[in-house]
Amino acid sequence: MRQQTKHFINGEWLESTGSETIDVINPATEEVIGTISSGTEEDLNKAVKAARQAFPSFSKSTKEERIHWLENIVEGYEARKEELVNIMTDELGAPLTVSEDVHYQMGIGHFKQAAESLSTYSFEEERGGHTLMKESVGVSGLITPWNFPTNQVSTKIASAIAAGSPVVLKPASKTPFAAMILAEIIAEAGVPKGAFNLVNGSGSVIGNGISKHPDIDFVSFTGSGSVGEKIMQNAAPTIKKVALELGGKSPIVVLGDADVEEAAKTALSNIMTNTGQVCSAGTRVIVPHAMKKEFEDKIVDLLPTFPVGDPRKEGIATGPLVSKDQWDTVQSYIEKGENEAKMLVGGTGKPEGLETGYYAKPTIFTDVSNDAVIAQEEIFGPVTTIIAYEDLEEAIDIANDTVYGLAGFVVGKNPETLQYVASNLRAGRITVNNAETDFNGPFGGYKQSGIGREWGDFGIEEYLEIKSVHGMPAS
Ligand code: NAP
């Protein structure tokens, strides 16, 4: 049992000023694996004060100092690999291989990328009539979700350090322990005290407090659209800069010349990796009418290649959902889907033999109309929808007919058609034929998927203000 009831404030682990705690549950066993503090406004105020005090010197730190801290973090992160991998399996329910190959790797990728981006980044530029300066945005408040415990936290912290912005982080209370290990790594990396602070607690107290705080200049939030909306409202009275990374209902456009097996694998990996709890997951598979039957048969055939089960068991691809609430939500969407479309496989309830743990049955619906609830709302579980199209223009219309615009996928062969579809999808990240992730590629959404971009140089710019100086004397 982890009893980690302290917050990291001004370079020290401090007891909370309150006595309330939050239990952290292993979703595979339904057992409590630890406890954190439910932080108070007083805890938050202390952390914001520390960040404000750190601002004058941290914001003037040199590029070399920032690169040095980022590289030290990479070293510390590597040294604690086993611990990070294990805790993410316990708090999130990710299979060990997913914790290592996806979560661990994404976390470290952002620190490496930030150091690399910084090495060539220019904070000052002569532009003819003026000098352009890019300066730290001020104190940043970071609020993160549970579905990628290191990735979400790392991309924000790495960019903030690169930009010289002191931060106050509130990790998701369902998965706080990976972030707490990261806090220890950051402290050991020599990052100045007060530049990184972590306060645990509920969204309603600490998250809400961050988005309203008059001494926080910028809020970077990743999570649901409904909370994103509240954050914008809370930030309005102090005209706070806000970046929002929200949900999605991303399309996978399968072209007529696609390899059906490749397309089916793409569709499955989108809902089975991280148990479908991925904001950018492609959950509307848009296939040509002529291919639909073959595609349906292939996806059902290939489903057993993603075994569901105990995340600590070898060979398991998909673990449980993160919580009972998330399990209930997924069940209610499967129920809705049964009335809206044809179910090929899956259904409500738990998979056989997995009665303990928040396991859901992978569920595939076909003959789905794009205006069905299951095609329009984010389910955040191992559920997908197959939608048929006649011609490419119809496929693109269906793909874009959503309030979201976080990601899109295209599978096929003809280069011109792939380019045409990629350039006509209204979304912030398009992946063609399962291309590898580039950590310098900006990540963020169009429409209701958010405001702003994370990752790489665009991510760093979120934490910068722009100043134009006219008549700067030459030095
Ligand atoms: P969530 O309920 O919105 O929570 C996200 C974070 O906000 C948590 O730390 C939560 O705290 C906090 N929070 C809750 N209420 C708050 C409030 N009133 N004010 C301020 N903060 C508050 O989302 P989630 O269930 O954790 O994550 C799933 C959602 O995140 C999905 O919609 C997914 O698509 C989205 N997401 C988006 C991206 C992206 O990059 N676009 C990436 C990952 C996830 P507690 O939970 O600790 O109370």
Here the percent of antiparallel bridges among DSSP beta bridges lying wholly in the chain, to the nearest 5, is 40 percent
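Would you mind telling me the share, in percent, of accessible area of the chain contributed by carbon and sulfur at probe 1.4 angstrom?
Exposed carbon and sulfur together represent 49 percent of the surface.
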Can you pull out the GluC sites (Glu not before Pro) in the range 269-353 that DSSP calls coil and that have at most 13 other Cβ atoms within 10 Å?
-> Glu314, Glu352
Evaluate E = 1/(1 + (r/R0)^6) for Glu352 and Lys63, where r is the Cβ-Cβ distance and R0 equals 51 Å; express this FRET efficiency to the nearest 0.05.
-> 0.35
Please name which of Thr222, Pro166, Ile186 has its Cα lying farthest along the dipole of the range 166-233 towards the positive end, using unit charges on Cβ (Lys, Arg +1; Asp, Glu -1) and the Cα centre as origin.
-> Thr222
The range 143-234: Rg/Rh from Cα coordinates, Kirkwood Rh?
-> 0.94
Per residue value of the accessible surface for the range 194-312 (all protein chains in place, 1.4 Å probe), Å² = 34 Å²
For the range 52-139, what class follows from the C-alpha gyration tensor (a ≥ b ≥ c being the square roots of its eigenvalues): rounded when a/c is under 1.5, otherwise prolate if a/b is larger than b/c, else oblate?
-> prolate
Aspartates and glutamates within cross-link reach of Lys174: Cα-Cα under 15 Å, excluding same-chain residues under 8 positions apart?
-> Asp23, Glu30, Glu31, Asp90, Glu91, Asp325
First select every other residue whose beta carbon is under 14 angstrom from the beta carbon of Glu188; then total the charges, Lys and Arg +1, Asp and Glu -1.
-> -4
With R₀ set to 30 angstrom, the calculated FRET efficiency between the beta-carbons of Glu83 and Thr17, to the nearest 0.05, is 0.60
Mean accessible area per residue over the range 391-475 (1.4 angstrom probe, all protein chains present, square angstrom) is 53 Å²
Give the Rg/Rh ratio for the range 72-193, taking Rg as the radius of gyration of the Cα atoms and Rh as the Kirkwood radius, to two decimals.
-> 1.05
Rel. contact order, % - alpha carbon contacts under 8 angstrom, at least six apart, the chain | 18 percent
What is the magnitude of the charge dipole of the chain about its Cα centre, with +1 placed on the Cβ of each Lys and Arg, -1 on the Cβ of each Asp and Glu, and no other charges, expressed in debye to the nearest 20?
-> 1220 debye
Restricting to the range 1-137, what percent of DSSP beta bridges are antiparallel, rounded to 5?
-> 80 percent
Averaged per residue, what accessible surface does the range 90-131 expose to a 1.4 Å probe, in Å²?
-> 41 Å²
Take peptides 300-308, 401-409 and line them up by average Cβ neighbours within 10 Å, highest first, as a rough protection proxy.
-> 401-409, 300-308
If you average the sequence gap of Cα pairs under 8 Å that are 6 or more apart and divide by the length of the range 148-285, what percent do you get for the contact order?
-> 17 percent
Could you list, in their original order, any pairs among Lys112/Lys241; Lys193/Lys240; Lys293/Lys447 whose Cα atoms are separated by more than 31 Å?
-> Lys293/Lys447
Here the alpha-carbon Rg of the range 261-392 over 2.2 N^0.38 Å rounds to 0.99
Env charge @ Leu464, Cβ radius under 12 Å, K,R +1 / D,E -1, value -4
Please report, in whole Å, how far the alpha carbons of the range 1-82 spread along each principal axis, starting with the longest.
-> 46, 34, 16
The answer for Gly408, listing residues at least 5 apart or on another chain whose modeled amide H is closer than 5 Å to its amide H, is Arg429, Ile430, Thr431
Grab every C-alpha pair in the chain, bin the distances at 20 angstrom width from 0 up to the longest one, and report whole percents.
-> 25, 55, 20, 1
Could you list which residues have their amide H under 5 Å from that of Ser136, counting only those 5 or more apart in sequence or on another chain, with H placed in the peptide plane?
-> Glu465
Looking at Ala54, Tyr358, Leu425, which one has the Cα that reaches farthest to the positive end of the dipole of the chain (charges on Cβ: Lys, Arg +1; Asp, Glu -1)?
-> Ala54
Expected sort for 467-475, 147-155 on mean C-beta neighbours within 10 Å, highest first, is 147-155, 467-475
Solution diffusion estimate, µm²/s, Stokes-Einstein, the range 127-186, Kirkwood Rh from C-alpha pairs, 4 °C, viscosity 1.567 mPa s = 101 µm²/s
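The values are calculated or read from the model by the stated rules, or taken from the named source; none is laboratory data. On a predicted model such as this, the values are computed, not experimentally measured, just so you know. With ideal geometry, Cβ positions are generated from the backbone for all residues, glycine too; neighbour counts draw on all protein chains shown. Remember, those area values only see protein heavy atoms, side chains included, never the ligands or the DNA or RNA. Shrake-Rupley method; radii C 1.70, N 1.55, O 1.52, S 1.80 Å.
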